[in-house]
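Structure first, then comments.
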Amino acid sequence: MAPTWVVRQQKMSLKSSDADIRSDGTQLEGTQSIKREQVELGVDLAPRNKFHLNISNPVMIASGTFGYDGYGRGITAEMDLGRLGAVIPKTVTRLPKEGNPEPRWDPPSYRQGLEQGDFLFLNSIGLANPGIESALAGLTAEWSGYGTTVFLSISGDSVSQFAEMTAMTQGVPGFQAIELNLSCPNVENGAMFGHSAQLTAAAVDAVRKNTDLPVLAKLAPNVPDVTEIAIAAVASGADALTICNTVPAMAIDLEARKPVLGGITGGLSGHGLRPISLALVYKTSQVVDVPIIGVGGIFEAKHVMEFLMAGATAVQVGSANLVSLWSPFQIVDELRDRLAASGIRRLDEVIGAAQ
Ligand SMILES: Cc1cc2nc3c(=O)[nH]c(=O)nc-3n(C[C@H](O)[C@H](O)[C@H](O)COP(=O)(O)O)c2cc1C
């Protein structure tokens, strides 16, 4: 992929084809459609890294939403993961975590919730995971058989733990990149890594020094100025940014007069997150020259187009997987159809078009 500034220049000279697409990505009259096969969906998410991170299309499964347990439970043989750009299994921590008390979901079924018109999804899983040792010894062996790109998602509770966990991954096959979940507290002062440019820089730097693989920093949404954190992550060696994680939120059970979630507060995802994330992607893409992966409320190809036009190079689908595990497969097919109908051959023609 060309650096952002090149893409921006290209966009200026591509205005005639931009004008053929409506803001929702549908075709305007007079646009020449092309065949589906003529659409080139591949993108490089780490153009500055010697290994690069070429993925076949820009649609990935977001961490924590890969199957019902975050590690692929419920994914069937018919769901050919090779049709997706990448899969990010649930974040692992240094030691296993049991997670938060039940209830962990509001609504209890995202599928039913959506059917009943609920657009706000909350979860309070509390990063339940088997720990990095178990993941590296067991899970990653399966990942090699997925036929797609896999990112290992890690989270540490100190800078040294980020370094230690990354060092543990050296030489372990099964994944092609490391995504840092920075929505986690630093034990030294309780502050979230992703809430501070300094802590973000320190975590990225610790990981960067212990791996040559592409490193993606996944940013938190609830910060006063996302650009300063994004710049800090890139200056410390992040090859790409994932924007964003869930927004802290809660719901109250009026009958019981208490919070709905066992963890009291949780993370907001789904449709309600999309406009927030879009704004963060838009702002960030104006200040960094690495690829941005947009995440938040993507349920259909139209939403992917919104993120691409805001400046993202690729996207991750989260909550939609919990409505249907087929969602990302449908989204990638629909995206190809939309682009073909609008005569768009390459994603570069759309990336940042709304800026
Ligand atoms: C049930 C659930 C579990 C999640 N677990 C993780 C996680 O382990 N690590 C992480 O980085 N993000 C996690 N996320 C956040 C998602 O990866 C994604 O950033 C967020 O949900 C926004 O995307 P969406 O609106 O498409 O769901 C989780 C989200 C959900 C809904």
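Tabulated data
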read-out: Mean Cβ neighbour count within 10 Å, used as a protection proxy, ranking 101-112, 304-315 highest first; value: 304-315, 101-112
read-out: J(HN,Hα) series, the stretch 129-143, from Karplus relation 6.51 cos²θ - 1.76 cosθ + 1.60, nearest Hz, glycine and proline x; value: 6, x, x, 5, 4, 5, 5, 5, 6, x, 4, 5, 4, 5, 4
read-out: Fully extended contour minus Cα-Cα distance, from residue 326 to residue 302, at 0.36 nm per residue; value: 7.0 nm
read-out: Net length gained if the chain between residue 111 and residue 73 were fully extended (0.36 nm per residue, minus Cα distance); value: 12.0 nm
read-out: Cβ charges +1 (Lys, Arg) and -1 (Asp, Glu), total dipole of the chain, debye; value: 380
read-out: Computed FRET value (nearest 0.05) for residue 250 with residue 37, which takes r as the C-beta separation and R₀ as 41 Å; value: 0.30
read-out: Cα gyration tensor category, rounded, prolate or oblate, for the stretch 283-330 with a/c compared to 1.5; value: prolate
read-out: Protection-proxy order for peptides 333-344, 54-65, each taking the mean of Cβ atoms within 10 Å per residue, highest first; value: 54-65, 333-344
read-out: Environment charge at residue 40 (Cβ cut-off 14 Å; Lys +1, Arg +1, Asp -1, Glu -1); value: +1
read-out: Cα long-axis angle, helix 274-285 against the chain (0 to 90 degrees, to the nearest 10); value: 70
read-out: Burial order of peptide ranges 145-157, 71-83 (average beta-carbon count within 10 Å, highest first); value: 145-157, 71-83
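Taken together, the values in this text are just the output of simple stated rules run on the coordinates, not laboratory data. Just so it is clear, the structure is predicted and the values come from calculations on it, not from any experiment. Counting neighbours? That spans all protein chains shown, and the Cβs are built from the backbone with ideal geometry, glycine included.
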